[in-house]
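The values are calculated or read from the model by the stated rules, or taken from the named source; none is laboratory data. Remember, it's a predicted structure, so these values are computed and weren't measured experimentally. Backbone-built Cβ (ideal geometry, glycine too); neighbour counts: all protein chains shown. Each accessible area value is taken on the protein alone, full model and side chains, heavy atoms only, with ligands, DNA and RNA left out. Shrake-Rupley method; radii C 1.70, N 1.55, O 1.52, S 1.80 Å.
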Amino acid sequence: MKAEQLLKNVTSKFLKPIEKITVSQWAEKHLQLPQTSAEPGLWRKDRAPYQVGLMDAICEPDIQKVTIMTSAQTGKSTVCNAIIARYIDIDPCPIMFTQPTIQLAQRFSKEKLSPMISDIKVLADKIVQAERHASSTILMKLFKGGLLALSGANSPASLASMSIRLLLCDEIDKYPPSAGSEGDPVELAIQRTATFWNKKIVLVSTPSIKGQSRIDASYSKSDKRLYLVPCPHCGHQQHLVWERIEYPGKGTNDFQPSEGIYYICEYCENPIAESYKSQMIQFGHWQATATSENPNHVGFHCNRLISPWVNWLDIAYDYEASKDDPMQLQVFINSSLGLPFERQSGQSLDWEKLYLRSLNSSYQRGQVPHNALMLTAGVDVQGDRLEVSIWGWGREMESWLIDHHIIYGEPLQDEVWRQLADVISQDYQHESGATMRVRATCVDSGYLTHDVYMQVRKIRYLHVFAIKGQAGENKMFVSKPRNMEINYRGQVIRNGIKIYILGVDNGKQTLFYRSQIKESGAKYLNFPQGMDSNYFQGFCSEVQVKKHRAGQPYYAWEKIPGIHNNEPLDCALYAMAGAHLAGVTRVNWNAIERELKKSIEVLNDEKPITRDATNNTRNRTKKRIRGKKRIRRGNPNWSTDIY
């Protein structure tokens, strides 16, 4: 064989050049979307053209790092899958795909990666399956020329001892602050790429809180590319933002997006109907809006307004449902707009405005307004007194302060607790003429814990619950209860005291935002006439401040200097917890109104009860008791329904 022919054979077999094909071009030929997706089948770039730029940025020779800050339902999972699949097929190398936890990595392998390998023949032929090679596992896929390692940000071991050329980190804002004791998991993963001159790093996530969001911090250092679409009227290229969406009653209680929803062009100010959206995104393009700190780093941001799978009407209803609740509003801003949520750190409520609201109120202290259909109480335990707030609740979480009591006395003595029982068991006059009683009472057990447990046990027939506040972000406002009493064998006493843990930071933030609502209606806080200014100073006694722990920012609530009584705020918080335990988010308000009307009819038309009528009533009661189904122990619906 001639030397030239031998060289040609060796070159074609062992030195075959990498095929010059971008991720999107490869995806159009091979990427099969699974049957579980909204649109299964072969991927098409004309369905969501903005995905092309997200996919192909990694193929640019000078780019080493790609940041993608996006909302949910824009196809970022498809982008990650396409990048992984293209490199396995065309440019095999060591690849790592990192999820927030090792459990999510296992789930990704089973639910997304394995079906993708099975559906795409060029991958199925190259990846070594577990049955053929012991080293190929759920978290490790081998193929000629490389491997795919699936890791969890909560597992330092899965991030170490491996050199990686292609790194993809998904949902980095959900990563823990530290991987064990070894530091930021994103930086640990990036260190694995240090030995490769041609490394590629892809960071993907929906953002979280401004100042804490990893993806927002990375995007702010990039060239900040936005997807610009042309106005169908004037042709002006623009990035679609929520502020320019218009519909009747936007942001008010009388919103009607179904009457017509439009995008207002920032140049010609003509309304654009959503029917133009598909045409607009077809002719859109990515454009850098800043200069990157590192020329090898590019960043992308997009939101649901350009997603073909979400319409503007649904986004509008999501906004209206969340605009008055800080927790839901954060979800909307993060998941729908793809932006970090900015907390109002350092701002406090104006107690004088709430006091003025009380002076102009339409009801008196101790009265229950017509729309208040449920009563709950919150109790704060101090060294020389108990403070109790009675709150009323109605449709759409609107609330009314009914009264605030201070019961002076030593909490170690029974007398103050007897007075508390009198307060929460008394009849409150409803505006309709009916009488109401407190349905649930939450008592703070953070002070004199065991004594509070004993006293709560005595009056729990009044639906009194022990609670304990716990600071910290991302904690549920009301968590599943814990059994606190055990017998001499160390076994849990089933009918013993249970304690509910409250995420007080989230609860205070909710009250903070609701206090700023200016129009009566959903989530509005009403205050009666007759409350003194000291109550409102106490209600507005804390402020949320930004702090740092181990280099990581976080938010905490602190008392405002000069104000010492924060009991009105705590009592309101505990009463709100009582409303959640009483099922305020799922109660049948029509049924409660019927009960009130029925009680009024009984009061207005009382008739003597004969012996026969009494016996018949007893017989009917016995039948109802016999026919009632027993609730199985361990019922997963732990929430306390008391009506």
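For residue 573, what charge total do you get from the other residues with a beta carbon under 14 Å from its beta carbon, if Lys and Arg give +1 and Asp and Glu give -1? So the surrounding residues net to -3.
Roughly how compact is segment 55-104, stated as its Cα Rg over 2.2 N^0.38 Å to two decimals? Please report the intermediate quantities before stating the final value.
Details: Rg = 12.2 Å, N = 50, 2.2 N^0.38 = 9.7 Å.
Its radius of gyration relative to the 2.2 N^0.38 Å reference: 1.25.
In terms of distances greater than 23 angstrom between alpha carbons, the cross-link table entries 29/126; 29/174; 20/110; 323/508; 174/475 yield 29/174; 20/110. Compared with the dominant Cα axis of the chain, that is its longest principal axis, helix 312-322 is turned about 40°.
Scaling the Cα radius of gyration of segment 275-406 by the globular reference 2.2 N^0.38 Å produces a ratio of 1.68.
Using only Cα atoms, find the angle between the long axis of helix 414-425 and the longest principal axis of the chain, and express it within 0 to 90 degrees, rounded to the nearest 10. Helix 414-425 sits at roughly 80 degrees to that axis. With q set to 0.07, 0.08, 0.09, 0.11 Å⁻¹, the log10 of I(q)/I(0) for the chain, from the Debye formula over equal scatterers at the Cα positions, is -0.62, -0.78, -0.93, -1.18.
Averaging 1/r over every pair of different alpha carbons in segment 276-338 and inverting the result gives a Kirkwood radius of 13.9 Å.
Once the piece of chain linking residue 327 and residue 360 is laid out straight, how much longer is it, given 0.36 nm per residue of separation minus the C-alpha distance between them? Taking residue 327 through residue 360 to full extension adds about 8.9 nm, to one decimal. Any chance you could give the angle, 0 to 90 degrees and rounded to 10, that helix 76-89 forms with the longest Cα principal axis of the chain? So the inclination is approximately 30 degrees.
Once the convex hull of all Cα atoms in segment 401-465 is built, its volume per residue stands at 91 Å³. Each Cα pair under 8 Å and six or more residues apart adds its separation to the average, and for segment 375-439 the resulting relative contact order is 28 percent. For segment 445-555, the ratio of Cα radius of gyration to the globular rule of thumb 2.2 N^0.38 Å stands at 1.39. Residue 259 sits with roughly 130 Å² accessible to a 1.4 Å probe, with DNA, RNA and ligands left out of the calculation.
Looking at segment 361-500, what % of the alpha carbon pairs are farther apart than 20 Å?
52
May I ask you to list the residues of segment 421-446 whose amide nitrogen lies under 19 Å from a point 7 Å from Cα along the Cα→beta-carbon direction of residue 458? Those under the cut-off are 421-426, 441-446.
The distance from the alpha carbon centre of segment 164-242 to that of segment 437-453 is 46 Å, rounded to a whole number. Averaging the sequence gap over all C-alpha pairs within less than 8 Å and six or more residues apart, then dividing by the number of residues, gives segment 39-163 a relative contact order of 25 percent.
Segment 480-499 and segment 529-601 have Cα centres spaced 28 Å apart. The simple Förster model, with R0 at 56 Å and r as the Cβ-Cβ distance, assigns residue 599 and residue 268 a FRET efficiency of 0.35.
Among the cysteines of the chain, those whose beta-carbon sits 4.7 Å or more from every other cysteine beta-carbon are 59, 80, 93, 169, 302, 442, 540, 571. Averaging the sequence gap over all C-alpha pairs within less than 8 Å and six or more residues apart, then dividing by the number of residues, gives segment 450-587 a relative contact order of 19 percent.
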